[in-house]
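The values are calculated or read from the model by the stated rules, or taken from the named source; none is laboratory data. The shown structure was predicted, so the numbers you read here are calculated from the model rather than taken from an experiment. So basically every Cβ, Gly included, is an ideal-geometry build from the backbone, and we count neighbours across all protein chains shown. For the accessible areas, the whole protein counts, side chains as well, though only heavy atoms, and no ligand, DNA or RNA atoms are used. Shrake-Rupley method; radii C 1.70, N 1.55, O 1.52, S 1.80 Å.
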Amino acid sequence: HFGLSAATMKEVTIIGGSAAGFYAGQVLARNGAKVQIFEAQESLNHSPRTLIVTQQIKDLLGPTSDGAVINQISRFELFADGKVGSIVLENPDLVIDRSRLIRLLALEASRLGIETTYGRRFVDIRSTNGHLTVVLEKSSTKEKEYVSSSSVIGADGAFSRVRQSAGWPRNLTVPLMQAIVRLPGNIPPYTCQIWFLPEDTPYFYWLIPESSTTAAVGVIGEDGQKMREGMIRFLKKKNLEPLEFQAARIPFYNGWLPVRRPVGGGNVYLVGDAAGHIKVSTVGGIVTGLKGARAVASAIVNGSSSSELRALRRELNLHLLVRRVLHRWKENDYSNLLELLDKKCKYFLGAIDRDQPRRLLSNLILSQPKLLLMGIRSFLTGSSLRDRISRAGNGMIEK
């Protein structure tokens, strides 16, 4: 807790009732800032989406995250070209419902005295007499409202209007699709399965048990149509009947973007999906989005840049390096990877979570140097990430 005197109290306006937005508001409010949050929807009505996260979410949110946990995963099974690898986690991953998490964060924000106003669509940011003026529109009447603030945080998602208004380039996005299915009887509810099928997607398919009866089967692609067709084939092959579908477009992190931009006499910041804070190795963004939100709040309170932001930049760039390697891989590369995962490698994969990429990769390479050779070879052969994106055409778009 940094603390602010009445004379230096910060006035911060947050656009977007997202997980990162509510969390940034909490950190600011606990340190004496006056925070207002504006959400375009008339109520918190985020679409359900099943996510799997590491225990680091508890380090960030404490007990607030507990109510969003719907299952725990202690084992991963990896499949590629007929090979199978299994990893037992020392600390289980947590399966959470994204909409439930956001509601819990909203309740905590309210408890801290943060006012959230719903049904207010962001229109523009203007500079007025050394302050920022946020232009909002009432969803019901289209009437304009004007809010003065010293700082504005854009937490309004992958297609952030704040990001565009303040002059940042638009986010690159990729499509995600999940089907909720009945959990097959031969899969324990504590086991997550991953399939590497590069002919369908440079990422992977997953099955995440939500409970003892249901699971989320999902995929991320580059071309939306190809991804959907591959998903239908995959479900049929696995004899899985979809009960419902979940879909979204998520940001693709393609290099660090400064999260602060001076506008007139104030500053505009980005957090969460609006900032593109996604681990592109596994395409997860809850934990890194919360880290970025905390770092931005710290920077506003201190009136300077945050060491946490520099640490997050290094982390996301390392995930990008891994993704650039994986984007070149064929199915036999993943098969070779599974063969190289000896007892020591599996130990490190189970003991060090993916939100500690530097520590994890260094230990894996030291225990199995051939992994480094595979990575180097991938940079020297095959198509680059940029080429894959270019070939995808409209599959990965700026929107």
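Points worth noting:
- Residue tally, condition open to solvent by 40 Å² or more (accessible area, probe 1.4 Å) and hydroxyl-bearing (Ser, Thr, Tyr), over the range 212-229: 2
- Search result, residues across the range 9-42 that are among the hydrophobic types (A, V, I, L, M, F, W, C) and outside any helix (DSSP H, G or I): MET9, VAL12, ILE14, ILE15, ALA33, VAL35, ILE37, PHE38, ALA40
- Test: LEU257 is touching a residue at least 60 places away in the same chain (Cβ under 8 Å), farther than 24 Å from LEU51 by Cα and under 20 Å from the mean Cα position of the chain (by Cα): yes
- Complete set of residues in the range 54-77 that are in a loop (DSSP other than H, G, I, E, B) and either more than 18 Å from ARG354 (Cβ to Cβ) or among the β-branched types (Val, Ile, Thr) (or both): THR54
- Any pair with Cβ under 6 angstrom, 6 or more apart, that starts in the range 312-325 at a residue that is farther than 24 Å from ALA297 by Cβ and ends at one that is of a type in the set (A, V, I, L, M): LEU320/VAL280; ARG323/VAL280; ARG324/LEU385
- If you go through the range 224-250 and keep only what is closer than 14 Å to THR201 by Cβ and among the aromatic types (Phe, Trp, Tyr), you end up with just PHE234.
- Set SER378, SER383, SER367, SER390: member being polar (S, T, N, Q), open to solvent by less than 20 Å² (accessible area, probe 1.4 Å) and either at pLDDT below 95 or within 26 Å of the chain's Cα centre (by Cα) (or both): SER378
- Within the range 124-150, the residues that satisfy the criterion of being surrounded by 13 or more Cβ atoms within 10 Å (Cβ to Cβ), without any contact (Cβ under 8 Å) to a residue 60 or more places away in the chain and among the β-branched types (Val, Ile, Thr) are THR133, VAL135.
- Residue selected from the range 43-53 under the condition in contact with a strand residue (DSSP E or B) (Cβ under 9 Å, 6 or more places away or on another chain), open to solvent by less than 50 Å² (accessible area, probe 1.4 Å) and in a loop (DSSP other than H, G, I, E, B), by the criterion nearest to ILE208 (Cα to Cα): ARG49
- For the range 177-193, residues that are surrounded by fewer than 19 Cβ atoms within 10 Å (Cβ to Cβ) and over 14 Å from ASN71 (Cβ atoms) total 4.
- Any hit, the range 262-272, residues being among the aliphatic types (A, V, I, L, M), more than 22 Å from GLY85 (Cβ to Cβ), out of contact with any Ser or Thr (no Cβ under 7 Å at 6 or more places or on another chain) and free of Cβ contacts under 8 Å to residues at least 40 places away in the same chain: no
- From the options SER281, SER306, residue that is in contact (Cβ under 8 Å) with a residue 24 or more places away in the chain and among the polar types (S, T, N, Q): SER281
- Looking only at the range 282-308, and only at residues there that are at pLDDT below 95 and either under 11 Å from the mean Cα position of the chain (by Cα) or closer than 22 Å to PRO169 by Cβ (or both), the one that is surrounded by the fewest Cβ atoms within 10 Å (Cβ to Cβ): SER305
- The single condition from (1) over 17 Å from the mean Cα position of the chain (by Cα); (2) surrounded by fewer than 21 Cβ atoms within 10 Å (Cβ to Cβ) that VAL268 fails is (2).
- Selection within the range 178-216 - free of Cβ contacts under 8 Å to residues at least 40 places away in the same chain, in contact with a Pro (Cβ under 8 Å, 6 or more places away or on another chain) and closer than 27 Å to ASN332 by Cα: ILE187
- Residues within the range 111-123 that are open to solvent by 50 Å² or more (accessible area, probe 1.4 Å) and on the phi < 0 side of the Ramachandran plot, tallied: 5
- Candidate set: the range 57-89, residues that are without any contact (Cβ under 8 Å) to a residue 40 or more places away in the chain and among the hydrophobic types (A, V, I, L, M, F, W, C); chosen: the one most open to solvent (accessible area, probe 1.4 Å): VAL69
- Checked against (1) modelled with pLDDT of 95 or more; (2) surrounded by fewer than 17 Cβ atoms within 10 Å (Cβ to Cβ); (3) more than 26 Å from ASP273 (Cβ to Cβ), THR8 passes all but condition (1).
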